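The block underneath contains the structure these notes are about, expressed in structure tokens.
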Protein chains: 2
Amino acid sequence: MRIGELSRRTGIPIRMLRYYEERGLLTPQRAPSGYRHYQEADVEQATLVSSLVRSGLPTRLILPLLRDKQLNPMDRDETDDGGDDLVALFAAEFARLDSQVKCLSFSRNAVQQHLRQLRATRVGHTPTGT
Amino acid sequence: MRIGELSRRTGIPIRMLRYYEERGLLTPQRAPSGYRHYQEADVEQATLVSSLVRSGLPTRLILPLLRDKQLNPMDRDETDDGGDDLVALFAAEFARLDSQVKCLSFSRNAVQQHLRQLRATRVGHTPTGT
DNA sequence: CGTGTAAGGAATTCTGACACG
DNA sequence: CGTGTAAGGAATTCTGACACG
């Protein structure tokens, strides 16, 4: 599929799909016309990348993470490069994401409870103002 | 307790505790000296407020949510004011928080898995470079 | 660093029409 | 009828650049 369809199917702006490619996170084939040509599997990969980017992971960390994912579970041994640095960076990101999830979940629940309260209280005040 | 202790116990910067008060989200008593004096219950309330603020809820929405929480579960009826507007705003915030939590959880898991992979692969390369 | 946007050009696709055998 | 084609316009995609927080 071309970039427009991938964008529609993933909800990711075309601009960002091009950017992911620029960062090596997505490597579509090219038609003679120069148009990008994506595989079916790129739908999932683009979604993963987008999620990670929106979560605040720098693209330079996403690259090795993707490599990890693509390897056969067997011949994955001395393949990694970064070493301790990478481990530390990912550990830091994990800690950040973990605490952020907790904070947001807590708030989400508080808002949800309040919302229930609001709706329970006003039952049939105005029959849906819209 | 005074503001310093509350700050230590909650991890919330003094600057923010004063700000919450300015927005009516925390209403400590005042000593003759002018020092703020917080109740034990303010520890929890400050934590809640902080979480909501960091989650991106505007303080003007946090205020009614707190009022809701403080009421006796019984005489909570015509107490609300905003009406439909408020419901819509909170519904929107809930949706935002919900999708954000999903995105971050997904990323968190991906990073965690990669982290495990990294650590499993490099067992005893360099005995902790630090 | 991630994202939006305006710019100018190239490739693609669409429709309705005409031609041909 | 099925099929090819020229025509004009619209939608899509391309790149490199600037802007922003």
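The values are calculated or read from the model by the stated rules, or taken from the named source; none is laboratory data. Predicted, not measured: the structure shown is a model, and the values here were computed from it. Note that we place each Cβ from the backbone using ideal geometry, even for glycine, and neighbour counts take in every protein chain shown. The area values use the complete protein model at the heavy-atom level, side chains included, leaving out ligands, DNA and RNA. Shrake-Rupley method; radii C 1.70, N 1.55, O 1.52, S 1.80 Å.
Go through region A:44-66 and report how many residues are loosely packed, with under 15 Cβ neighbours inside 10 Å and away from DNA strand D (no atom under 16 Å from the Cβ).
Initial filter on region A:44-66 (loosely packed, with under 15 Cβ neighbours inside 10 Å): A:44, A:56, A:58, A:60, A:63.
Okay, now just the ones that are also away from DNA strand D (no atom under 16 Å from the Cβ), so A:44, A:63.
The number of residues fulfilling the criteria is 2.
Looking at the structure I just gave you, is residue B:11 open to solvent by less than 50 Å² (accessible area, probe 1.4 Å) and outside the structural domain of residue B:92 (by TED's automatic domain parsing)?
Values: open to solvent by less than 50 Å² (accessible area, probe 1.4 Å): no; outside the structural domain of residue B:92 (by TED's automatic domain parsing): yes.
No: the conditions fail for residue B:11.
Of all residues in region A:14-63, how many are among the hydrophobic types (A, V, I, L, M, F, W, C), at pLDDT 95 or above and not in a helix (DSSP H, G or I)?
Summing the residues that are among the hydrophobic types (A, V, I, L, M, F, W, C), at pLDDT 95 or above and not in a helix (DSSP H, G or I) in region A:14-63 gives 3.
I'm trying to understand the selection: among the residues of region A:1-28, which are more than 10 Å from DNA strand C (Cβ to nearest atom), within 14 Å of another protein chain (Cβ to nearest Cβ) and of a type outside the set (Val, Ile, Thr)?
Passing the criteria: only A:11.
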